[in-house]
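The values are calculated or read from the model by the stated rules, or taken from the named source; none is laboratory data. None of these values were measured; they are calculated from a predicted model. Glycine also receives a Cβ, built like all others from the backbone with ideal geometry; neighbour counts cover every protein chain displayed. Side chains are part of the model used for accessible areas, which takes the heavy atoms of the whole protein and leaves out ligands, DNA and RNA. Shrake-Rupley method; radii C 1.70, N 1.55, O 1.52, S 1.80 Å.
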Amino acid sequence: MEKKYVAPPYRIKMVEPIKMTTKAERIQKLKDAGYNPFTLKSEDVYIDLLSDSGSGAMSQHQWAALMLGDEAYAGSKSFYHLEKVVKAITGYKYVIPAHQGRGAEKVMLPQLVTREGMYYISNTHFDTTRAHVEIAGARAIDVVIDECYDTENYYPFKGNFDLEKLEKEIKEKGPENIAGIIMTVTNNSAGGQPVSMENLRKTSEIAKKYNIKTIIDGARYAENAYFVKEREKGYENKSVREIARELFDLADVFLMSSKKDGLVNIGGLIAIKADVDLYQKCQTYIVPMEGFPTYGGLAGRDMEALAVGLEEALDEDYLRHRIDQARYLGDRLRDAGIPIQYPVGGHAVFVDCKKICPQIPYHQFPAQAVCNEVYIESGVRAVEVGSFLLGRDPDTKENLESPLEFMRLTIPRRTYTYAHLDVVANAVIEVYKRRDTLVGLDFEYEPPVLRHFTARLKPIK
Ligand SMILES: *Cc1c(COP(=O)(O)O)cnc(C)c1O
């Protein structure tokens, strides 16, 4: 196991002060926040690993680009700049901006749901993607490989589709009832795990065989391409950009939360390879939903920053350091004996809390309990990715049991140093030592959808 981590390929020009609180303060803040770190004020957080979404640092080139924003309601120059960059990266014909990933999902996903009883199939649906599938009246089926659930053993592409399960679901449900196949790269909910090109190629072949459309949910497509270059035979000498292009060639539609590999604080994209009918439907639908198709909920300056960020995210020096930061934090925890999803994915370390707190059943949210304790320990904010996030079955309303109960330590792009990651590692190690004392949580308030964002909880005494 190589244990070298590259230093950042940038230096710091501007700083944002953060402050440490006392443990007594944090105990009170967490209680006020209903034991849900999502509802904490960010000023009460020392190191914020809630999400890597829109929380990264822009470069000097992006800040400079903001000044070039053309704020015209229609036909903005900034749109045409963004369009040119997206077309060059993807090879797709049509580009529509959206305010973020879920905006793109909201506009595009319903277009393929043409009648009742339809399904989307994905390696793993991201939570907002699943929500938009359900809002569109369809159901979401996940068919990720079993290796994904075996957190401790190395497998290079734990985000892969289980191709047998995929084909079985298509046959069982009937190909005409499959609205689309969603390739989530990297596989966020499975631990930011990459998907191999071979697996994506075969998925695409299956889709073609049954005449089903393929959609890349590619928030972290550049990170995925970097992993492919590192781990997949035959890709060592290809550039990340070439690998990404090969990925885009396999699908029909690209949906993106640009708050990830777009390196911006807000933004999303819909890109369509060639289907003019689908493009026109999205173009029509986006007007009342997000905005006119040449801005889609973004300011002209946002589109300029995104056009630059998309290029920077394909820079291999940037990607190497990005992936190394996650690997560093993962190695520190593993060295301390803490069970994590291994190997570490691209944007986060996923700590296996089912193993840490076997005394807490899934419907009392073991990973949420660990997240809360880590905040109390050190002011580090992490996020639960498990049964709390998964929610309830839309038909039976029962709490669903997630096969994995993760605490996600998500690393914002170009934002924290290795020293910050040491603070995080030390906090998790301290909590791990007192893991037997942790208790489960119960609802005080539970919203009907996407409950993890606003729910209020209380510890079970
Ligand atoms: C973040 C994300 C989304 C949703 O994007 P938002 O910008 O947060 O709305 C969808 N899919 C994946 C895989 C994501 O990581």
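So which residues in segment 266-281 are within 14 Å of the ligand (Cβ to nearest atom) and in contact with an Asp or Glu (Cβ under 8 Å, 6 or more places away or on another chain)?
Ile266, Gly267
Just to be sure before I move on: is Glu152 touching a residue at least 60 places away in the same chain (Cβ under 8 Å), assigned by TED's automatic domain parsing to the domain that holds Phe292 and open to solvent by 40 Å² or more (accessible area, probe 1.4 Å) in the structure I sent? In short, yes. Out of the residues in segment 20-77 meeting the condition of being assigned to a loop (DSSP other than H, G, I, E, B) and polar (S, T, N, Q), tell me which one is nearest to the ligand (Cβ to nearest atom). Checking each candidate, the answer is Ser53. Close Cβ contacts (under 6 Å, 6 or more residues apart or on different chains) running from residues in segment 193-216 that are within 11 Å of Met183 (Cβ to Cβ) and touching a residue at least 12 places away in the same chain (Cβ under 8 Å) to residues that are among the small types (Gly, Ala, Ser) and part of a helix (DSSP H, G or I) comprise Thr214/Ser204; Thr214/Ala207. Among the residues of segment 382-419, just one is surrounded by fewer than 23 Cβ atoms within 10 Å (Cβ to Cβ), under 17 Å from Tyr46 (Cα atoms) and charged (D, E, K, R), namely Arg414. Residue selection: Lys238 satisfies the criterion of being part of a loop (DSSP other than H, G, I, E, B), in the same structural domain as Val133 (by TED's automatic domain parsing), in contact with a helix residue (DSSP H, G or I) (Cβ under 8 Å, 6 or more places away or on another chain) and open to solvent by 30 Å² or more (accessible area, probe 1.4 Å). In segment 326-334 there is no residue that is of a type in the set (Ser, Thr, Tyr), surrounded by fewer than 24 Cβ atoms within 10 Å (Cβ to Cβ), out of contact with any strand residue (DSSP E or B) (no Cβ under 9 Å at 6 or more places or on another chain) and not assigned by TED's automatic domain parsing to the domain that holds Ile356.
To keep it simple, each residue is scored yes or no on (1) outside the structural domain of Ser76 (by TED's automatic domain parsing); (2) buried (at least 24 other Cβ atoms within 10 Å of the Cβ); (3) among the hydroxyl-bearing types (Ser, Thr, Tyr); (4) part of a loop (DSSP other than H, G, I, E, B).
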residue	(1), (2), (3), (4)
Met256	no, yes, no, no
Asp261	no, yes, no, yes
Ile266	no, no, no, yes
Ile270	no, yes, no, no
Ala274	no, no, no, yes
Lys281	no, no, no, no
Ile286	no, yes, no, no
Phe292	no, no, no, yes
